[in-house]
Structures are given as C-alpha cells and as structure tokens.
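Report on the structure given below.
The values are calculated or read from the model by the stated rules, or taken from the named source; none is laboratory data. Not measured: the values here are computed from a predicted model. Please note: Cβ atoms are built from the backbone with ideal geometry, for glycine as well, and neighbour counts cover all protein chains shown. The accessibility values were calculated without ligands, DNA or RNA, using every heavy atom of the protein model including side chains. Shrake-Rupley method; radii C 1.70, N 1.55, O 1.52, S 1.80 Å.
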Amino acid sequence: MLEGLMQHDYPLTLGHVLERMRGMNGDGEVVTLTDDGLRRARYAEVAERVDRLCAGLRELGIEEGDRVATFSWNTQEHLEAYLAAPCMGAVLHTLNIRLFPEQLEYIVNHAEDQIILVDSSLVSALEELAPKFETVRHFVVIGDGDAGSLPSVVRYEELLAAQSPGFAYPRLDERAAAGLCYTSGTTGNPKGVLYSHRSNVLHALGACLADSLGVSREDRVLPVVPMFHANAWGLPYASALAGADLVMPSRFLQPEPLSRLIEGERVTVAGAVPTLWLDLLRYADEHEPDLSSIRLVACGGAAVPRSLMEAFEERHGMRIVQAWGMTETSPLGSVAHPPSEAEGEERWGYRSTAGRLMPLVEARIVSDEGEEMPWDGEATGELEVRGPWIARSYYEDPSTDERFHDGWLRTGDVAAIDAKGYIRITDRAKDVIKSGGEWISSVDLEGELMAHDAVSEAAVIARPDERWSERPLACVVLEDGGSASVEDLREHLSDRVAKWWIPSEFAFIDEVPKTSVGKFDKKVLRRRLEEGELEVAGEEVTAS
Ligand code: AMP
C-alpha cells in the first residue's frame, strides 16, 4: 500500500469542540430557562466553567475512564458536564430521569458511576435510591434547591468557585470512551451504549451536513429532546462545534413556555418526539404564537404522522422533518428530506418515510431466513446498519452479542428501502412499546401481570395512539374460575411499574396464541387487534 501522507494520527476528540467554544465560537450563546427567567452565557464563559468543573471533578477523585453520571434537564450546566467529563478523559453517563427506580439502580450499579451531578429539582427521585448505589461517592447538586437526604453532597457552584482557572487536559485517543447512555428499547435489562470521542465528533459533523440538520453558526437550536436521550440527538455537540446558539428549556417542557422560547429567542432549529409537537400544535392552533423563525424541526424517535407535519406547515409555517435513529446509532441514521425533483403528493410520500441514510451510514435489510433483500421499496426485512457512529456492542453485556453480526447492528426495526435509499419502517421485531418517546418493556409488564393470582397468561402488545404514538394493550387470560377487573389489574401494577407504563386498555382472551416453539405469537394478536377481533376493555369490566 502506498500510504497517504496525511495526519492520520490527529485524534478526533471532543477537546476540539471545547476549544472552538473557547475561541472562535466564543460569542455563541447558551440561553437557559429558569424559574427566574432566562439566563444567558457566552460559549467562552461556558468553556471557562468547563475547566473549573474538570478541576473540581479531579479534586473529587475522578480519573480517566471513570463514569460521571448526570441526572438533569437540558441546561447550561448539563452542557458543561457534556464537555467536562469526556474532555478530562472520564465518561459522561446521562441517566434517564424517567426510568423506574429499579432500572436506575441497575444502570448506576452496572455503569459503576462514581459521581452523580443532579439538578436540585430532581433530588427527591434519588433520595431513596442513594443507599443502593454501590459505587457513587458524591452527589453534586446543581441549583439552590434542597439536597434532601442525599449523602456526600457537594454544591455545583461551590465546586466551580473553589477552582482556579485553567485545566491541564490530557491528550486522548479518539477511540477512548466519551459517553454512555442506556437504552431500554430491548428486552431484558437496559443496555449501555458506549460512545467514543471519534463517534461523537463524526456524528456532530454529520448533524451539520445540509442534507441532515444543517446546524450552522446562523442557527439558534432548541433541543427539547432530553440530553439523557441519545445525546439530545447530537444537537449540543453539533451546535457547539458549528457555533450555533443553544436555547435550553430545562424542565419547562409544556407548550406554553416552549412556544414563548421559540418566539422570544427566534429559534431556528428544534428537535423533539411527535407527542410533544402534537401538544404544541393544539396550543398553537389556539394561541397563534409566531413560529416563523423555525427553519427545521427534527422529529423522530417514533413514526411522525403526516397529518402533524401538514398541520404545522399549513397553519403555522413550521417545517417538520422526520428522522430515524436509535441510541445505538448516536442517534442520527436517516433524515427525510425529499428529492428536489419530487412535487406534491410524491414529496409528501418521501417526507413520510423514516428518511434517507446519512452519509457514511450503510444499511441493509435481511429476511427471517438471513437473506439480503433488494432495495425495491417493497421487500421487507430487519433493518441492519453500520457506520462510524454505530455501536458495535453493548457495554459489558455479552448476552446481547446476537444483536451484532458481521459488523452490522440489528436494529430490531422491520423496513423496506427504495432505490433512492429512503427507508420505510413497517414493523418492529423487538418486543417493546414506545410511548411518548420512552420505552415500555412488554416482557416486564407481562411478568408483573402474571404475578397476579387470577392471571394465568398475559401478552402485552403496542396499540397505536394518536397522542403517545403507542400505548400498551394487555391481553390477559384469567385462571379457570379466577376473576379480576381492569381496575384490579391496574391497581396490582401500580406499585410494581412506573405509572406511565400501566395499560389503560385490556383485552380478556381465552388463550395467548403461540408459535411452533411455544413462544407468545404477538403477530397474531396484533393482526387480531388490527382486524377489530380483540374486545378491548378500558373501564370497570369484570371478566371471569
Ligand atoms: P431510542 O433508542 O430510544 O432512540 O429508540 C430507537 C427506536 O425508535 C428505533 O429503533 C425505532 O424503533 C424507533 N424510531 C425512531 N425513529 C423512528 C421513526 N422515524 N419512525 C419509526 N420508528 C422510529
């Protein structure tokens, strides 16, 4: 091989993002909505606080490779942690604040987190769990609120104030771990996706491409999608790299404060799941806020209804662009910009797909028999992807090796791809339900339902829902002579699973259909639901 004479050893690390914030992008702005109104800081100031945070974390004993967890909203401090942890050689672990306590306990202990940076408004969610965290040595509390009964509390602002400016950043390998995010979009325990500096930097560049989100210095970006969910779709790193301003909504995720933020801060790019935009649409129809500054709303995490895109475009001049991705894909995998030659109905056809693959991401569809299917827009199979920001394995979980093969990630999504590379998701092979952008494990719900004395079998499937994208429908077989009402079953679940997991709809059936090897055949149940053959009970209905 005649080797190219370029600087191949120049590492793609997040330190470049930080240095850009400090220097060339120093006048970029981070705006955070707080109880006391808007707080503003320049990127240069944020970079200086990142140095202090690094020094403070080092003082608290954080070394290279250690996991630093966050339990927080989208705020300036969260952005500071996004840069500090990886740039000092540690790993940023973003904890999902919506998880059920048992899941959080599992994740923190599995990741062996050393420190948790927690927003004071969320302290109460960790108080009872704190003694169960085996490796956590300090809780760094952000904000002035009460630290409750949390042990070993350090105040974020005091930690920063006690440091001198500057920090001696280590030179890192681009393959070093930078971030960790667990996904429950699989069966069994949540799985850790361990991003590297290289994958985060390349993904941020990808988000800046004109045919994806095109984040640029001209933008004011509003990540509504949480920073604990797949890096807020890469928006923070992409914005900091490009020099776009960031508008952080913190915990004010209701339509009213969001539309005030969009209007007042002249937001140009935003990202959130369909449920949130549905709520905003209702509000916008009534109050007519000025959303005209927005040039692109990235929407994904679940199928985006065409009616939602049309309504915003026609009534409020706001363009929603559908994207597909997963925690495992950093997450941007495909973005649905239609080909320029497409018009009218054809254009909407493309916009209603999951989109066209991002450059550098490859995909294939594979049938149940393991055969690669053609890109003809018709043939379906499991979608598999590979690329520089796609996971090659989960963190410390060999039981999941079968999710990866020959260098490809099996997504668990069933899709068709057309000749132009537009992906249409048609089904899901994985046994999970996505409600309002967050996962519900059908297997866990089934286990808890079957723990009820009167229940002999339970199979939970997703039911399409306009507001939440999907809601769980529990198909329950009662024991001979057993009796349980919908209310009994809901009551039974109430202290076993998160409140938002509890199905409001149940179908009492005689038997759960089974495959030839005796597994629940949910395909049959889904078909019966579609064909209106399942009698769905949502209220006080007693079956015996
Ligand atoms: P998560 O890891 O929580 O971001 O979830 C990723 C999963 O969400 C994908 O594997 C899909 O099942 C689903 N998903 C994401 N985007 C879309 C989309 N545009 N259309 C349909 N499903 C989607």
Count of residues meeting criterion [open to solvent by 50 Å² or more (accessible area, probe 1.4 Å), in contact with a strand residue (DSSP E or B) (Cβ under 9 Å, 6 or more places away or on another chain), of a type outside the set (Asp, Glu) and at pLDDT 90 or above] in segment 427-467:
3
Pairs under 8 Å by beta carbon, first residue under 18 Å from GLU29 (Cα atoms) and open to solvent by less than 30 Å² (accessible area, probe 1.4 Å) in segment 250-268, partner polar (S, T, N, Q) and not in a loop (DSSP other than H, G, I, E, B), six or more apart or different chains?
SER250/THR32; SER250/THR34; SER250/ASN74
If I filter segment 79-93 for residues that are of a type outside the set (Gly, Ala, Ser), out of contact with any helix residue (DSSP H, G or I) (no Cβ under 6 Å at 6 or more places or on another chain), under 13 Å from ALA232 (Cα atoms) and not assigned by TED's automatic domain parsing to the domain that holds LEU493, do I get at least one hit?
no
The one condition PRO226 fails out of (1) in contact with a helix residue (DSSP H, G or I) (Cβ under 6 Å, 6 or more places away or on another chain); (2) within 27 Å of SER393 (Cα to Cα); (3) touching a residue at least 40 places away in the same chain (Cβ under 8 Å) is (1)
Residue in segment 147-162 that is surrounded by the most Cβ atoms within 10 Å (Cβ to Cβ), counting only those that are among the hydroxyl-bearing types (Ser, Thr, Tyr) and in contact with a strand residue (DSSP E or B) (Cβ under 8 Å, 6 or more places away or on another chain):
TYR156
Pick from segment 381-412 the residues that are open to solvent by 20 Å² or more (accessible area, probe 1.4 Å) and of a type in the set (S, T, N, Q): which of them is farthest from the chain's Cα centre (by Cα)?
SER399
Single unsatisfied condition, THR186 versus (1) at pLDDT below 95; (2) part of a strand (DSSP E or B):
(2)
Is at least one residue of segment 192-203 assigned by TED's automatic domain parsing to the domain that holds MET24 and in a loop (DSSP other than H, G, I, E, B)?
no
The residue that is surrounded by the most Cβ atoms within 10 Å (Cβ to Cβ), considering only those in segment 359-380 that are over 24 Å from the mean Cα position of the chain (by Cα) and under 30 Å from LEU205 (Cβ atoms), is TRP375
Quick one: would you say LEU241 is more than 15 Å from the chain's Cα centre (by Cα), outside the structural domain of HIS16 (by TED's automatic domain parsing), within 16 Å of the ligand (Cβ to nearest atom) and open to solvent by 10 Å² or more (accessible area, probe 1.4 Å)?
no
